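Following: one structure in structure tokens, then a few remarks.
The values are calculated or read from the model by the stated rules, or taken from the named source; none is laboratory data. In this text, all values refer to a predicted model and were calculated from it rather than measured experimentally. Using ideal geometry, Cβ is built from the backbone for each residue, glycine included, and neighbour counts are taken over all protein chains shown.
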Amino acid sequence: MTDQNVRNQEAQDAVDRASTYEWGFSSDIEQEFAPKGLSEDTVRYISAKKNEPEWMLEWRLKAYRAWLTMEEVSWAKLDIPAIDFQDAYYYAEPKQKPKLGSLDEVDPEILRVYEKLGIPIEEQKVLAGVEGARKVAVDAVFDSVSVATTFRAELEKAGVIFRSISEAVREYPDLVRKYLGSVVPQRDNYFACLNAAVFSDGTFVYIPEGVRCPMELSTYFRINAENTGQFERTLIVADKGSYVSYLEGCTAPMRDENQLHAAVVELYAHEDAEIKYSTVQNWYPGDANGVGGIYNFVTKRAMCAGARSKVSWTQVETGSAITWKYPSCILKGEGSVGEFYSVALTNNRQQADTGTKMVHIGKNSRSTIVSKGISAGRSNNTYRGLVRVNSGAENVRNFTQCDSLLLGDQCGAHTVPYIEVKNPSAQIEHEATTSKISDDQMFYAQQRGLNTEDAVALIVNGFAKEVLQQLPMEFAVEAQKLLGISLEGSVG
Amino acid sequence: MSLLELPSNRTEGWRWSDLSALPEIVARQPAGTVPEALPWIGCAREGPRLVFIDGKLAADQSNLGTIEIGSVQANPADHALARLVGSEGWKLKLGQDHAPQGLVQIVHVTTGGADHLPAEIELDVDAQASVVETYIGEGWANRLTSIRLSRGARLMLNRRLLSSAGYVSLNDHAVIGEGASLIVATLSAGGADTRMDGQLTLTGDAAFAEFGGALLARGTQRHDANLAVRHEAVGGMSRQVWRSVADDKATCSVAARVEVARGAQKTDGEQSLKGLLLSRTATINAKPELEIFADDVKCAHGATVGELNRDALFYLASRGVAPQEAKALLTQAFVADAIDRIGEEEVRDAFHENAMAWLGGR
């Protein structure tokens, strides 16, 4: 093939990609649904489906009753259509199969989905018996039920517990009971409360004292069935002196109906423990006119309980029609460290209101916030953050930087930081800038032979570099590609 | 007073406010005692001088000049405090190319109760004026000021809040036309709690707005500012410079927003909010907010909170400056950022003196 042909082919591919949502496939696997709507019976159904102990059911029902008394929040700079909570399914699981011994026994349809999701790069090597492949443990949440958890044996050797949360409820009830809801209480907010009542599945990780988790843990979330809300619950506990890096990646198939995703993530770090939590979020954002797309209302919070504990949130948010998400750190331990690195990209009619909270309670605690917002099309992108220093927290340091990049004159970029300081020894710095891609930058890139789209992608990646480099390798590559793809059609 | 329906902290614009003292002040009767010497600023070009005692003009002590007293057009919107001001107040209306003969000075004396007063400033094409308002006494002084600047008009509005106790609430609505310039600088250096609301809108191209001040608080005082500068036209420029100093158990809160409307390209907006904590029990809150709907703009904000720089203190100590003096010196420099933007030298000096007096009271 000549160069010309190759280029034509590439252009055609790009057009094809741009005209559809690349990962907007959907697969038909037999599903078992809970009856439509939400009531105490739905909660009981979910609990019964999962063979949960009595205390778990009671916990759910308590949350459900609390939820009935709560109201949806409206302070975010978001235009959220009214959600009919009775017009959704709260539970769907791939049709019951006998307990699986290995991945081979998994429904081939599901395996195909994984393949498209890009899991196999590492996974396939392992499945094919390739030695020395970099190890990533994957707990795949297919719709609502964890289908398979790999690498369990190797993790168990290290003493690491890596389970779907429903398994953990059965196998490690004491641990789950101790930590569940300890960071995000049931009544924390409307969507967290809903999650507490109807959470379908999720991940539980426990790293014992002094253990450095031998591999990166990873969960791929995926919303598949039409009209099923996805209510994930993730709980990660790092005991004294342990370390874990957790990756969360999301893609969802193309659907015409708005889907609700209300997850809760709780992290608990003891003395000297470190948790690194990375997210690449690429739910279906809706089409160019804002039809369809996922509502992503997530509550993520970390408790840095022990001295010198550290939690680092990194997120790349390119998907979802509406994102409402504030991964936060309660810095209770002396000398504890919280970090938040975020890239949020919105295009077309997407809306994102995201940021973090750093609550400094412990002495000498430190936090860093780097937020990069990119708005294109007719989208709106808001950074909303809180830095609070309590009066007993001596020598607190915080540095916050939030930069916004606007592509086009129909989008919006907003910054809403709150700073509340009650201790004079604190040093709090906040900086924010807003800019667009300068003509100079574009000219330079173009005279080097890049087309407009590539040039924009390159510059945007440079803008987001500080955050992207915090991601583990595999994710960094995926994230860079995602930024480029998500911007397609927004320029030129 | 049945009209007094106060917002709670659950309302976003009032999250750091404490209005609990107001109902008690409203119920009080003003004492009517006015100090002998009023805080006039001596200056080369004397202009109109007005004294309001408990919201009423003291005609015998005032020289109205170009200022009128009468029915005032001011829109309180649904602001809980502004809607109490009524419709009788003072007006400064200047025709094209006009200016008052000198510095306009207004002293508001509140003697224990609550008083409400609206005002209107309207400058025609290329008119200009400089106004200083000073608040003294105790009680609750509640104000609403409506400002309209036509093309090329220039207004400097400087305020000193020196009331010894009680509450001062100010609410400004300004519309700034093409090439017009509005500078509002405020110094809170009294013993009263204060609340400032402001909405400045730049409706003409290449307009300029500056909104800033120094908030000094001690004891259990609370200063609370909630401001927005809105750019609706092309090429506007705005600056918001706020310096907060909180001592003892005091709280200073500044929420300042830059809004850039769709199409307001080439906007240059800047915010600088800094807070200085002088004691372990004081609180500084800041919310520097940007809301941007246009892409070719330059908007930046910076916010810092901390204590006095130890290196600077050490340097001064090594030069033989006593610790107390060194602290005052550095605090003065910190506050000066906001006050130095006042144009007239006499006014600036007077403001500096008031700030120093406050610092000296430590």
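General observations
- Output for segment B:176-194, where each listed residue is out of contact with any His (no Cβ under 8 Å at 6 or more places or on another chain) and within 20 Å of B:HIS223 (Cα to Cα): B:VAL184, B:ALA185, B:THR186, B:LEU187, B:ALA189, B:GLY190, B:GLY191, B:ALA192
- Subset tally (residues that are more than 7 Å from chain A (Cβ to nearest Cβ) and either more than 17 Å from A:GLU429 (Cβ to Cβ) or among the aliphatic types (A, V, I, L, M) (or both)) for segment B:299-324: 14
- Candidates A:SER371, A:SER379, A:SER336: the one that is more than 12 Å from chain B (Cβ to nearest Cβ), in contact with a Cys (Cβ under 6 Å, 6 or more places away or on another chain) and over 24 Å from B:GLY275 (Cα atoms) is A:SER336.
- The listed residues are A:LEU482, A:LEU458, A:LEU450, and the only one of them that is more than 14 Å from chain B (Cβ to nearest Cβ) and in a loop (DSSP other than H, G, I, E, B) turns out to be A:LEU450.
- Residue that is surrounded by the most Cβ atoms within 10 Å (Cβ to Cβ), among those in segment B:195-211 that are acidic (Asp, Glu) and in contact (Cβ under 8 Å) with a residue 60 or more places away in the chain: B:ASP197
- You will find that of B:SER244, B:SER238, B:SER279, the residue that is hydroxyl-bearing (Ser, Thr, Tyr), buried (at least 24 other Cβ atoms within 10 Å of the Cβ), free of Cβ contacts under 8 Å to residues at least 60 places away in the same chain and within 11 Å of chain A (Cβ to nearest Cβ) is B:SER244 and no other.
- Elements of type strands (runs of 3 or more DSSP E) contained in segment A:294-336, each with 3 or more residues being more than 25 Å from A:LYS77 (Cβ to Cβ): A:310-317
- Looking across segment B:121-135, the residues that are over 14 Å from the mean Cα position of the chain (by Cα) and of a type outside the set (S, T, N, Q) come down to B:ILE121, B:GLU122, B:LEU123, B:ASP124, B:VAL125, B:ASP126, B:ALA127, B:ALA129.
- Check on B:VAL335, modelled with pLDDT of 90 or more, more than 14 Å from chain A (Cβ to nearest Cβ), over 16 Å from A:PRO424 (Cβ atoms) and part of a loop (DSSP other than H, G, I, E, B): no
- Test for B:LEU215: is it closer than 17 Å to B:ILE342 by Cβ, in contact with a strand residue (DSSP E or B) (Cβ under 8 Å, 6 or more places away or on another chain) and not in a loop (DSSP other than H, G, I, E, B): yes
To keep it simple, each residue is scored yes or no on (1) in contact with an Asp or Glu (Cβ under 9 Å, 6 or more places away or on another chain); (2) facing chain B (nearest Cβ under 7 Å); (3) crowded, with 24+ Cβ neighbours inside 10 Å.
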residue	(1), (2), (3)
A:VAL396	no, no, yes
A:GLY408	yes, yes, no
A:THR415	yes, yes, yes
A:THR434	yes, yes, yes
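- Some residue of segment A:402-413 being in contact (Cβ under 8 Å) with a residue 40 or more places away in the chain, over 29 Å from A:GLY335 (Cβ atoms) and not hydrophobic (A, V, I, L, M, F, W, C): yes
- Qualifying residue in segment A:370-383 (condition: over 19 Å from A:LEU405 (Cα atoms) and either touching a residue at least 60 places away in the same chain (Cβ under 8 Å) or buried (at least 24 other Cβ atoms within 10 Å of the Cβ) (or both)): no
Yes/no matrix, rows are residues, columns are (1) in contact with a Ser or Thr (Cβ under 6 Å, 6 or more places away or on another chain); (2) touching a residue at least 60 places away in the same chain (Cβ under 8 Å); (3) assigned to a loop (DSSP other than H, G, I, E, B); (4) buried (at least 17 other Cβ atoms within 10 Å of the Cβ):
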| site | (1), (2), (3), (4) |
| --- | --- |
| B:VAL51 | yes, no, no, yes |
| B:GLU68 | no, no, no, no |
| B:GLY89 | no, no, no, yes |
| B:GLY112 | no, yes, no, yes |
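- Exclusive hit being buried (at least 16 other Cβ atoms within 10 Å of the Cβ), farther than 30 Å from A:GLN351 by Cβ and without any contact (Cβ under 8 Å) to a residue 60 or more places away in the chain, set B:LEU308, B:LEU273: B:LEU308
- Scanning segment A:170-189 for residues that are more than 23 Å from A:TYR326 (Cα to Cα) and either touching a residue at least 60 places away in the same chain (Cβ under 8 Å) or in contact with a helix residue (DSSP H, G or I) (Cβ under 7 Å, 6 or more places away or on another chain) (or both) returns A:ARG170, A:PRO173, A:LEU175, A:VAL176, A:ARG177.
- Number of residues in segment B:322-362 that are closer than 18 Å to B:TRP40 by Cβ, among the charged types (D, E, K, R) and crowded, with 16+ Cβ neighbours inside 10 Å: the value is 2.
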